[in-house]
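Participant: Can you keep this structure in mind? I'll have questions shortly.
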Amino acid sequence: MMLVRRVLTLGLVLALAAPALARAEQPPQSATEFYQAYRKAFAKAQKIEDLLPMMAASRRAQVEKTPAEDRKMMFGMVKEMTAEQGEVKVVKETATANGAELAVQAKDGTGTVTLVKEGGGWKLDKESWKGKM
């Protein structure tokens, strides 16, 4: 009877811990997955401050130094240009010393996205586009 109780207790503990263990064993997010999540967050963002947690420290500092009215105007312009891009597809992911570089393609152009690893996670450093953007 005591052995049955121990087995049941162990089974209950494992059943309760399984979801946490499954989350802990998930592979880390790739640079491409991060950028796709960033694009979704960008599409929903109402202001640049919504995206600050996803930006590299140097980029974030740059944004924070910009006067609030200028930030609002620039963000509006970037949102308009980005809306015209349509879907952005990552065509190549290349590891770099500090993170990764993504080659991306949109409806009217191609681009390069530089990501860095900070605090164990991906952060957007910069995007540059060629074409009608």
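Each reported figure results from applying straightforward, stated rules to the coordinates on display, with no laboratory input. Since the structure is predicted, the reported quantities are computational estimates derived from the model, not experimental observations. Please note: Cβ atoms are built from the backbone with ideal geometry, for glycine as well, and neighbour counts cover all protein chains shown.
Participant: Need one number: nm distance between label points at Glu80 and Ser58, each 7 Å from Cα along Cα→Cβ, rounded to one decimal.
Facilitator: Each label point is offset 7 Å from its Cα along the Cβ direction, giving 3.0 nm.
Participant: Report the residues of region 64-86 in range of a label on Lys47: point 7 Å along Cα→C-beta, backbone N strictly under 19 Å from it.
Facilitator: 64-80
Participant: If one computes P(r) from the Cα atoms of region 29-131, what percent of pairs lie at distances over 20 Å?
Facilitator: 37 percent
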